[in-house]
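Written out below as structure tokens is the structure these notes cover.
Only the coordinates and a few stated rules stand behind these numbers; no lab work does. Fair warning: this is a prediction, and the values are worked out from it, not measured in the lab. Every residue, glycine as well, gets a Cβ built from its backbone with ideal geometry; the counts of neighbours run over all protein chains shown.
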Amino acid sequence: FFVTYVSRMSDGEDVPLLSTNDEHATAHAEERNYSIYTSVMDSLSLSMILCVAISLALLFVAFDRMHREQYLTTLSLDPPFPSVAHPVEPSRLWGGIGAPYPTGAWWTNLVLADGSSPVVPLPYAVKVSDDAGMEVSYTPARRLATSVSVVEPFYTDVTVGMLEPTSHHHIQAYDAVSVTVCLFADGSTPAMVKGGSYCTYLVKGSPFLTTRYTKATPKISGGNKILTVNDRTEQEATSHTGTEFFLRVGGSAHPWYLWTDSEVTFTFSNGHLTAVGPYTGVLRIAVIPSSTAKAVLRTYAGAYAVAGSVALTYSEDYTKAYITYQWTKHGQGPLLMLALPHHVDIMNKAKQMVLDEDLSFQTLKGPMSAVVGESWIMEDRLTTLRWTARTFLKNTTRTKRIAEALKEDVRLMPPTAPDSYTFGKQVARMARICLIAEEVGETSVMEEALDATRKALDPWLRGTNQNALQYDLTWGGVCTKDGLQNQNADYGNGMYNDHHFHY
């Protein structure tokens, strides 16, 4: 056995070189102007080292095997809580989508009850039903602000539908930023096209509501009624042909822009626009929120997003996060989307074209700015998370006051609430007291808070509390027993409401 050391002649740094071929090692070192020093180790010392190494290896293998066997006998892939069926089964509104279900998605109103409650793929709010079709509301136009609240009521500005009677609708696809909803004609009338349908791509940040028709007759209505098309009333023109149509709608504060990817002829009657026959193609509609918006919307109407993805990566030192939104684009030309202020603030302006002044939509989360491109690249600086304060309180008088307050706080509001929502707040408070006590040197308070936290959590984790956690086999999540028995209990826990607060 040889232990070979390679020493750089330039700086004398010792670098171990392990090789089974001494000649190869020497030649390799000489090519780099290395000098080689070799020594044969004492055979007795080597034998002792080998014996110790082999003994340790055997002990390690035996311990590892025993540990793995013990671990595998206790490890279970089954949920640690009782398994039960949910009282609400997934309906046909899910279409062909199966478990696991995205119970916390922003669009789950589309699959609950009859699926007609609104969802908000900003900048619009949308309702879907078999009777009405796709109802669209630009809610900021009716914003009601007081000293205590800001409310944007849903009022149907326009409805995108089809002339054929609708038999049913369901979700066709979804991802992190979009959901596709399809409505199907029942084909019961001989004059209608059997099997006609239309699918709407509800994509967050799309300035248009985009719908693809397949052998179905588009019908566009107003919440009140359409007043004019291309500045002409019904009395002035009962038919309009083209790919662009500008609508004035009763009850809507802004005009609307209707675009199709091929020429369509609409009849204008009784406040509705109805195509003269079945259509296969794309129809898009958008509110025109400002005088400058019209030109921008017309320029970018030909390209639309049908889906998207979000990716997160980090710098090597974990001081920066890189968030990439990738949109799946169909159609022709560059893609126009809308970003919220917190997107624009960290967006790489060198790689994205942001049209701040030309097009802006209002939302409860702030004004949305137009961004051109199929991907967004954002860079966010990360802060270092600590268990304790970033800067320790140096004022000893205040530190003493905190320490005295902790002695009282640790005995107030013990974590005993029977519902998961309130209990979560209480036990988090106790855990925070534990950390603060440790930081200010109140060891006795820390131990008391730690013991209270442990005792409070133990029944929940063992399932011995009265309102025990249960594993829902139907939807694939963890709910409280009371929540599964009563959808109003525990702030809707059994209906998967606010689980990110409960847990």
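The charge dipole of the range 92-213, taken about its Cα centre with unit charges on the Cβ atoms of Lys, Arg (+1), Asp and Glu (-1) only, comes to about 220 debye.
A simple spin-label model places pseudo-atoms 7 Å from Cα toward Cβ; at Asp78 and Lys349 they are separated by 6.0 nm. Once the chain from Arg390 to Ala85 is taken as fully extended at 0.36 nm per residue, the excess over their C-alpha distance is 105.2 nm. Working from label points 7 Å from Cα in the Cα-to-Cβ sense, the Lys425 to Asp131 distance is 3.9 nm. Net charge of the neighbourhood of Cys434, taken over other residues with C-beta under 12 Å away and scored Lys/Arg +1, Asp/Glu -1, is -4. Using the Cβ of Gly476 as centre and a radius below 14 Å, the other residues enclosed give a net charge of -3, where K and R count +1 and D and E count -1. Packing, taken as the mean count of other beta carbons within 10 Å per residue, orders the peptides 402-408, 262-268, 311-317, 115-121 from highest to lowest as 115-121, 262-268, 402-408, 311-317.
For Val150 and Arg432, the FRET efficiency from 1/(1 + (r/R0)^6), where r spans their Cβ atoms and R0 equals 30 Å, is about 0.45.
Across the range 295-302, coupling constants 3J(HN,Hα) worked out from phi with the 6.51/-1.76/1.60 Karplus curve, θ = phi - 60°, read 5, 5, 4, 5, 5, 10, 5, x Hz, and Gly and Pro carry x. For the range 341-409, the list of chymotrypsin sites (Phe, Trp or Tyr not before Pro) that fall in a loop by DSSP and count at most 12 other C-beta atoms within 10 angstrom reads Trp387, Phe392. Counting 0.36 nm for each residue step from Lys407 to Thr383 and taking away their Cα separation leaves a gain of 5.5 nm. Which links in Lys329/Lys349; Lys127/Lys225; Lys204/Lys225; Lys204/Lys365; Lys425/Lys455 stretch past 24 Å when you go from one Cα to the other? The answer is Lys204/Lys225. Distance between the 7 Å Cα→Cβ label points at Arg298 and Thr324: 3.6 nm.
Computed from backbone phi with θ = phi - 60° and the Karplus coefficients 6.51, -1.76 and 1.60, the 3J(HN,Hα) list for the range 318-332 is 6, 9, 9, 10, 10, 9, 10, 9, 10, 9, 8, 9, 10, x, 10 Hz; x is used for glycine and proline. For Leu355, the residues 5 or more places off, or on other chains, whose built amide H falls under 5 Å of its own are Ala370, Val371, Val372.
Karplus-derived 3J(HN,Hα) values for the range 164-173, using 6.51 cos²θ - 1.76 cosθ + 1.60 with θ = phi - 60°, are 5, x, 8, 8, 6, 9, 6, 6, 9, 7 Hz; glycine and proline are entered as x. Grab the other residues whose beta carbon is less than 11 angstrom from that of Leu183, score K and R as +1, D and E as -1, and report the net. That works out to -4.
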